[in-house]
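The values are calculated or read from the model by the stated rules, or taken from the named source; none is laboratory data. None of the values given here were measured: they were computed from a predicted structure. Here Cβ is always computed from backbone atoms with ideal geometry, including for glycine, and neighbour counts include all displayed protein chains. Each accessible area value is taken on the protein alone, full model and side chains, heavy atoms only, with ligands, DNA and RNA left out. Shrake-Rupley method; radii C 1.70, N 1.55, O 1.52, S 1.80 Å.
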Amino acid sequence: MLKIGPYEFSSRLLLGTGKFPDFEVQRRAVEASETEILTFAVRRMNIYDPAQPNFLEQLDLTKYKLLPNTAGASTAEEAVRIARLARASGLCDMIKVEVIADTKTLLPDPLATLEATKILVEEGFVVLPYTNDDPVLARRLQEAGAHAVMPGASPIGSGQGILNPLNISIIIEEATVPIIIDAGIGTPSDATIAMELGADGVLLNTSVSGAQDPVKMAEAMKLAIQAGRLGFEAGRIPKKRYAQASSPMEGMVN
């Protein structure tokens, strides 16, 4: 069971809703993933014009918890304003804090992310900050009251998988809240590795929406995350320098 603040979820897959070719593919992919948490950029929502198409209208929202994000924010002030807008619109009290430092790398701004997290926690939001794979910053975000921390595996949308498993494992080892790997996942094997490291969940979008068959990829990611979690809980065998026979040699007849 994945517990984030006051909420509990059976699925450990969090799914983004952008970049799908159309609403029907998006709907089928969401259903195939069996996710319970959907994230989306508030600034890309047609909140002010009900006549515009809205992906939320295509889904049975009783099945999902919405996780608006502050994508597009470049300062703490912008992120806080977007979060307040999301709550005022009645979307959810959970918020993914995303403050991007520059448009080329799309890496998060650590200082602004920490500042926005502190403000939004104080205002009663359930806060999930997206950050880089820095164990010290992850610790500071937890100390600020973040309800989960979301380190990136690699740059947003890059599909490079986990570039720094050592830092990710340190973040997980020191965690006092759920650690959800966010950004850079490209294949189901990437998601499995994240879960085998001990992550509590994985958030992804482009790897599904940009796949040749998003619906099949959504199901593949679901199964990969389940397998990785089971593998982590089972406990892997230690790595050895030399071969070791799987059948014991003792008692064998010559």
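With springs connecting C-alpha atoms under 10 Å apart, model the chain as a Gaussian network and identify which of T105, T192, T39 has the largest mean-square fluctuation.
T105
Given an 8 Å cut-off on Cα distances and at least 6 residues of separation, report the relative contact order of the stretch 78-193 as a percent. The partial results should precede the final answer.
Working: 212 pairs, mean separation 24.3, N = 116.
In percent, rounded to a whole number, it is 21.
Could you check how much of the accessible area of the chain is carbon and sulfur, as a whole percent, using a 1.4 Å probe? Write out the running numbers ahead of the final one.
Values: 6810 of 12850 Å².
In the chain, the share of accessible area belonging to carbon and sulfur is 53 percent.
Using a 1.4 Å probe and counting only protein heavy atoms, arrange L163, L61, L91, L203 so the residue with the most accessible area comes first.
Values: L163 105, L61 70, L91 35, L203 10 Å².
Descending order: L163, L61, L91, L203.
Would you list D182, D102 from the most to the least accessible area, probe 1.4 Å? All intermediate terms of the calculation are to be shown ahead of the outcome.
On the way: D182 10, D102 60 Å².
Solvent-accessible surface, decreasing: D102, D182.
Using a 1.4 angstrom probe, figure out how much accessible area the chain has per residue, in square angstrom, rounded to the nearest whole. Intermediate results must be reported in sequence, preceding the final value.
Numbers: 12850 Å² over 254 residues.
Using a 1.4 Å probe on heavy atoms only, each residue of the chain averages 51 Å².
For the chain, with a Gaussian network of springs between Cα atoms less than 10 Å apart, report the residue from P135, P151, P68 with the top mean-square fluctuation.
P135
Taking Cα pairs under 8 Å and at least six residues apart, what relative contact order does the chain come out at, in percent?
Relative contact order here is 19 percent.
Using a cut-off of 13 Å between beta-carbons, work out the net charge of the residues near D93 (Lys and Arg +1, Asp and Glu -1, D93 not included). Provide the component values of the computation, followed by the final result.
Working: positive: K65, R84, R87, K96; negative: E123.
Combined, the nearby Lys, Arg, Asp and Glu give +3.
With runs of 4+ DSSP H residues as the only contributors, calculate the mean residue ellipticity of the chain at 222 nm using -39,500 (n - 2.57) per run, divided by the residue total and rounded to the nearest 500.
Details: 8 runs with 90 residues, N = 254.
Mean residue ellipticity, 222 nm, calculated: -11000 deg cm²/dmol.
Only bridges with both residues in the stretch 2-234 count here: give the DSSP antiparallel percent, nearest 5.
Working: 4 of 27 bridges.
In the stretch 2-234, approximately 15 percent of DSSP beta bridges are antiparallel ones.
Report relative contact order for the stretch 169-209 in percent, whole number only (criteria: Cα-Cα under 8 Å, sequence separation at least 6).
Numbers: 39 pairs, mean separation 19.0, N = 41.
Once divided by the residue count of the stretch 169-209, the mean separation gives 46 percent.
Keeping all protein chains in the complex and leaving out DNA, RNA and ligands, what accessible area do you get for V202 with a 1.4 Å probe, in Å² to the nearest 10?
Accessible area, nearest 10 Å²: 0 Å².
Using a Gaussian network for the chain with springs between C-alpha atoms less than 10 Å apart, which of these wobbles most: P21, P155, P188?
Its mean-square fluctuation being the largest, the pick is P21.
Using a 1.4 Å probe and counting only protein heavy atoms, arrange S10, S89 so the residue with the most accessible area comes first.
Ranking S10, S89 by accessible area, largest first, yields S10, S89.
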